[in-house]
Structures are given as C-alpha cells and as structure tokens.
Amino acid sequence: MSAVEGIAWTVYGIIALTSFLFSIGLTRYFQNKYETEFFATLVTILALGLVFSTLCLLPLDIFLVSSTVDPLKGIKKPWATTSVLESMTYTTTIVYYACYGLITLFSFTLIPFAYFFYEEYDEDQSIKDRVLGAFKYTLFFVIISILLFVFGLFLKPSTKVPKIDLDWFKKLLTDSNGEKAITFVVACLILLGMLVFIGYTAPGLSLLPISLIKGRKGIDAENEDVENRLAATKERLRVLRSRYIGRTMPNKDQRALEDLEDEERILSRRLKAIQLDKSSLFSKILMFLRPFEFLLGIFLLCVTLVLVVSIFLTIVDKIAFSLCGSQCGYVINHPNLFNPINYIFVRLSKIFPLDYMFMVGLILYFFLATMSGVIYIGIRFLWITLFNIRKGATAPQGLLVTALLLTLSLLALNYTMTTTVAPGYAHFGSQVYCNQTLLDGHRDCTNHSELIVRCDVYGPTDICTPTVSSTLIDRIIVNTPFFGIFFYYSQWVFLVVFLIGFIISLFKRPRNNVDADLQELVDEEEEGLLDRRRNSHRNNSMGSSYYQTLT
C-alpha cells in the first residue's frame, strides 16, 4: 500500500468513527425519553453510521484516483504503477461491496427484526418468544433478499448492448455472475431509495432553506397566541360548567370537560415556560443569531437552486448526447452542457482539499434536507401518518423506519451525485491527461500546457482511472438498462416534486413553536402516566409473587 493510500484510509477511518459518534448523538436527540429499547437503538445507530461511512467512500474514492496523476504533466506519477492501481481499486471495491452487503443485511434483516422484536413486547412474553415471533415476520424479508440475489445471478440484459469501441465501456461489461447478483440487489435498494429521495429529499431541499429564512414566530407572538388560546379555553370551561350547575353532567360532556381541563393545564404550563424564556440567556442568544440564520437560509437556498439547475442540465444532456441512449440506461459519455456544480468542483480541485470538503458538505446538505423532509412530512403510508419524528419523542419503531428511509435515500444520493449532480468530477475527479503523443510513444506536454485536458470516457485508460463508485453505478445502468431508464426518469420526477415543494414552502406560514411544544407536553404527560402505571403493575406483580413465595 502506497503512502498516499495509507494516509487516505487513515483519514477515512477517523471520519467513519466520527460518523458513528454522530449517529449516536442523532439517535439520542430524537429518541423517546420514556419509551426506549436497547436493541432498536443499537440497530438504528449502526445503520446510520454504516450509511454515512458508505457515503464518505465517494470523496475517498475520488481522492485516490486523482492523486495518481501529475496535474502539471498530464501523466501518471512514478509511484502509480499498474500493480499499485490494481491494488488500490481492488481494496476500494472490496470495501464498497462490504458496505453494500452490510446495508443489504440491515435493510432486509436487522432493521425488520428489531422492529418486530419491539412490536412483540408483552409483559407476559419471554425473550425467546419475542425472538421467535420477530424471526417469523423477518423471514419474509430474508426470502425476498434471497430471491433478488438468485434472480440477479441468472439475469441477462433484455436488450442487446450496443458495441462501442471504448475501453472504458468494455470494462463495464466484464464482470462475474457474483458481481451481477450483488449489483442487482444494490440496484433494487437504490430503486426503493429513489422513491424516498423523491418523497422526502426533494421537498426537503426547499423546506430547509426557506424555513431558515422565515424563522420561527417571535416569542412575543407566541406569548400572545398562548394567552388567547388559554382565555378561549377558560371561557369554554366556564360555559360548560354553567350548564350543569346543580345537576348531573352526561358522560359525553364530562369527557369534554376533562379534555378542556387538560388543555387549560398544559397551556398554563406553556405560558409560564414562555415567560421564563423571555428573560433567559438562551432566548437572547437566539435573537442575536437570527440574522445569521437568515443569511444561512439564503446561502442554502442558492446552493439548492444551483443543485437543481445542475441536475436539470445533466438530464437534458443525457437525453440529447448519451453514449447509446436508452439501450444502456442513458449513461453519459462526456458532459456537453455546462454544469455549475461540476464547474465548481473543477475550480476547487486546484486548491487541495477544498473540492473534497465541498463534496462532504454537499452530502451532509442532502442528508439534512432528507431529515427535514422526514420531520416535516412524517413517516406516512399514503395519507396516513404512521410516526412523527420529534425531538425526544420518537418511538423506537419510528427511529428504525427513519434509519431505513435514510439508508435507502442516501444510496439513491450516491447514484445522483455520481451521474447527475457532478458526473464529470464523480467519474474521474481532478485527473487530466496529456493529449499529445510523441514519435516514441510517450506523452509530453512540457511546452504545450494547453494540450493537457480533463479526463473523460474518451481519455486513455492507462492515465484516466474511473472511480470505483462510478464503475459500480455505470455497471448497473449498462448491464440492466431497466434500472438506468427508471433512475433517469426519476430525476425528472424529483425536479417536479421539488418545484411543488418549493411553491408550498414559499406560502407556508413560519413555524410555530406552540403547537409542537404543546404536543410534547401532552406526550410527556401521557408517557408519565403510562410509566407510573407500568411501575405500579410491576410492583403489584412483584408483591404478589413475593406473597406466593411466603405462603
């Protein structure tokens, strides 16, 4: 292993460890304070850490191939021999396959098992019964994964792949049956992830920056809102009580009275909290930071618009100038239209390590946009809300489903970054080659720097080494054009959903803390009552057992 490769993998290891620590903090932040399950929490942390680590492979992959070329001469560096390159790409490929294999394991086995294991909880049920019950339901997902693997093992392209005289293209077709099976399963996961990417990431890209621009309602406005609601609740209580002075209240109105009393108590608690917040140091700091929040929202909105424009230009470029059209899944040969994000990467690549920092920043921004979409929309089946994702109030099942959604969406992000956001940079990084060959067969651009051009699929394969990530994605697209076509048109749907979400975000009122905080207070009160009931039941059971032992 070369020194450059060793340093790169060391840095990656540190980033991967940091991603797992970040996953712990993220899970603890959203985890329900009264309803926890160790196994569900552990699986959520590991799943999130794994997918972050997989995404961080892309910047590493780009760095490794870019470091093999001398940008001033346009030729390979002396240490970048054929054996070193083969070892480098082989190591990266093994790590990619290991990560994808673990993601498959989590998606089809561990996350469903943890979900059903928690659902099987009952005070009268043993751990063994819970494990057997969870395994029974998880077996369905395991069978699906096995069928997909077997199907991919014997899959043959439905259409004849066109013959193209490009070494880069030929290498995409030379893979084993085992690789075909693995890539087919990964393609199925990316397909599911694309649905999540469209449903959550697309609206999240507009919700996140615009919510920062609009901000939340001021604390004075919230105080007035709570006071008005409290006064209205007290008036409704007074009217309801006055109806039944000296006579019995029906059950229906009795329940309404109890609900109003609960609402009055919760509103009073919230009003006291707001009055304390008014004089708190934290509230003053938030007011001070509000201009920076607005500027950050403006900046992120600009980034979002540039991303959307880049995606739009790339998918137009694909349908107009694709290497072989739908026959090979609209795989792009060389970007013909100007791509803003790709241009930024090319410029930043001249100042190490700004281009890699920008790549990590984009990945993080897509993740935050997806998380914003999940928080705002909630986990739904059609119009039915299954779980709400809130700070300190998310059920274990909600955390597991969120981890699965983020895992799938970030797999789709890997495809999007490689093929549409910055296809040129994601394929070859900052590699260049000397486009002048002397009579002796050597390339020399010492006196002709203008002949040093950026690598693309037409470049010499002995100098231009494609990233492992782009090779895996392109192999899926070329060998199974169905996925390539589906992924391509999914990008159009992504843009349409983004546009709809953008318009809704523009007219959406600023966030109101009151409703969310009141819901948290209700949840805390309900969970407190349930917790006390569980403790009481447990104590009664222990007392009964102790009495039976004595007798």
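The values are calculated or read from the model by the stated rules, or taken from the named source; none is laboratory data. Everything quoted here is computed from the prediction, not taken from an experiment. Cβ sites come from the backbone with ideal geometry, for glycine too, and all protein chains shown count toward neighbours. These accessible areas exclude ligands, DNA and RNA; they are computed on the full protein's heavy atoms, side chains included. Shrake-Rupley method; radii C 1.70, N 1.55, O 1.52, S 1.80 Å.
Among K391/K508; K33/K128; K180/K318; K73/K180, which pairs are too far apart, with a Cα-Cα distance over 29 Å?
K73/K180
Can you pull the percent of the range 297-383's accessible area that's carbon plus sulfur, 1.4 Å probe, other chains left in place?
76 percent
Out of the total accessible area of the range 32-147 (probe 1.4 Å, heavy atoms of protein only), what percent is carbon and sulfur?
Ligands and nucleic acids excluded, carbon and sulfur reach 70 percent.
Give me a comma-separated list of calculated 3J(HN,Hα) values for the range 305-315, in order, Karplus coefficients 6.51, -1.76, 1.60 applied at θ = phi - 60°, integers in Hz, x for any Gly or Pro.
After applying 6.51 cos²θ - 1.76 cosθ + 1.60, I find 5, 5, 4, 5, 5, 5, 5, 4, 5, 5, 6 Hz.
Amide H to amide H, which residues 5 or more places from I452 or on other chains are under 5 Å from it, using H placed in the peptide plane?
N435
Of all the C-alpha pairs in the range 432-508, what % are more than 20 Å from each other?
It works out to 60 percent of all Cα pairs.
For R347 paired with I24, estimate the spin-label separation in nm (one decimal), with each label point 7 Å from Cα along the Cα-to-Cβ line.
4.0 nm
Once phi is turned into θ = phi - 60°, what whole-Hz ³J(HN,Hα) does the Karplus curve with 6.51, -1.76 and 1.60 give for every residue of the range 71-84, x standing for Gly and Pro?
Running phi through 6.51 cos²θ - 1.76 cosθ + 1.60 with θ = phi - 60° gives x, 8, 10, x, 9, 5, 5, x, 6, 7, 6, 4, 5, 5 Hz.
If amide H atoms are built 1.01 Å from N in the plane of the peptide, which residues on other chains or at least 5 residues away come under 5 Å of the amide H of V432?
Hits under the 5 Å cutoff: C455.
Considering only protein heavy atoms, with the full assembly of protein chains and a 1.4 angstrom probe, order K252, K77, K391 by accessible area, largest first.
K252, K391, K77
Spelling out what I want: for every residue of the range 471-479, take phi, set θ = phi - 60°, compute 6.51 cos²θ - 1.76 cosθ + 1.60 (Karplus), and round to whole Hz; glycine and proline get x.
Once θ is set to phi - 60°, the couplings for the range 471-479 become 5, 5, 5, 5, 5, 4, 5, 6, 6 Hz.
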